[in-house]
1. Quick one: Asn33 ticks every box in (1) in a helix (DSSP H, G or I); (2) over 13 Å from the mean Cα position of the chain (by Cα) bar one, so which box is it?
2. Can you tell me which residue among Lys22, Lys44 is open to solvent by 100 Å² or more (accessible area, probe 1.4 Å), of a type outside the set (Val, Ile, Thr) and modelled with pLDDT under 95?
3. Which condition from (1) at pLDDT 95 or above; (2) surrounded by 10 or more Cβ atoms within 10 Å (Cβ to Cβ) is the one that Phe69 breaks?
4. So for the stretch 48-57 (the condition being assigned to a helix (DSSP H, G or I), β-branched (Val, Ile, Thr) and out of contact with any helix residue (DSSP H, G or I) (no Cβ under 8 Å at 6 or more places or on another chain)), does at least one residue qualify?
5. I'd like the full set of residues that are closer than 25 Å to Trp10 by Cβ, among the aliphatic types (A, V, I, L, M) and free of Cβ contacts under 8 Å to residues at least 12 places away in the same chain, limited to the stretch 20-74.
Amino acid sequence: LSARAKMLRWEEESILIPSEMKWTTFFFHNRANGWKTREAMSHKAGHQAYARKQVAMWTELAEHAQTAFTSCLI
C-alpha cells in the first residue's frame with residue numbers, strides 16, 4: 001500500500017512540476033511587462049530608472065528560470 005501511494009504521488013508530481021515551471025516563467029515575464037507599463041506611464045526620470053531596473057531584474061529571472069527548467073525537463 002505504501003509503495004503504491006508513493007508511486008501515485010510521483011506520478012502526480014511528474015504532471016504538476018512541468019506546469020509549475022511554465023507558470024513560474026510566465027509569472028516573471030508578467031511582472032516584467034507590468035514594470036514596462038509603469039515605466040511608460042511615469043513622467044519622472046527617477047521612477048523610470050527604477051522601473052527599468054525592475055524590468056531587467058524580472059527579465060533576468062525569467063531567462064534564468066527558462067534555462068534552468070529546460071535543462072531538467074522530465
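The values are calculated or read from the model by the stated rules, or taken from the named source; none is laboratory data. Just so we're clear, the structure is a prediction, and the values are computed from it rather than from any experiment. Reconstructed Cβ throughout: ideal geometry from the backbone, glycine too, with neighbour counts over all protein chains shown. Areas reflect the complete protein model, heavy atoms only, side chains present, ligands, DNA and RNA absent. Shrake-Rupley method; radii C 1.70, N 1.55, O 1.52, S 1.80 Å.
1. The failed condition is (2).
2. The conditions single out Lys22.
3. (1)
4. Checked against the condition, which is being assigned to a helix (DSSP H, G or I), β-branched (Val, Ile, Thr) and out of contact with any helix residue (DSSP H, G or I) (no Cβ under 8 Å at 6 or more places or on another chain), the stretch 48-57 yields no hits at all.
5. Once the filter is applied, which keeps residues that are closer than 25 Å to Trp10 by Cβ, among the aliphatic types (A, V, I, L, M) and free of Cβ contacts under 8 Å to residues at least 12 places away in the same chain, the stretch 20-74 yields only Ala68.
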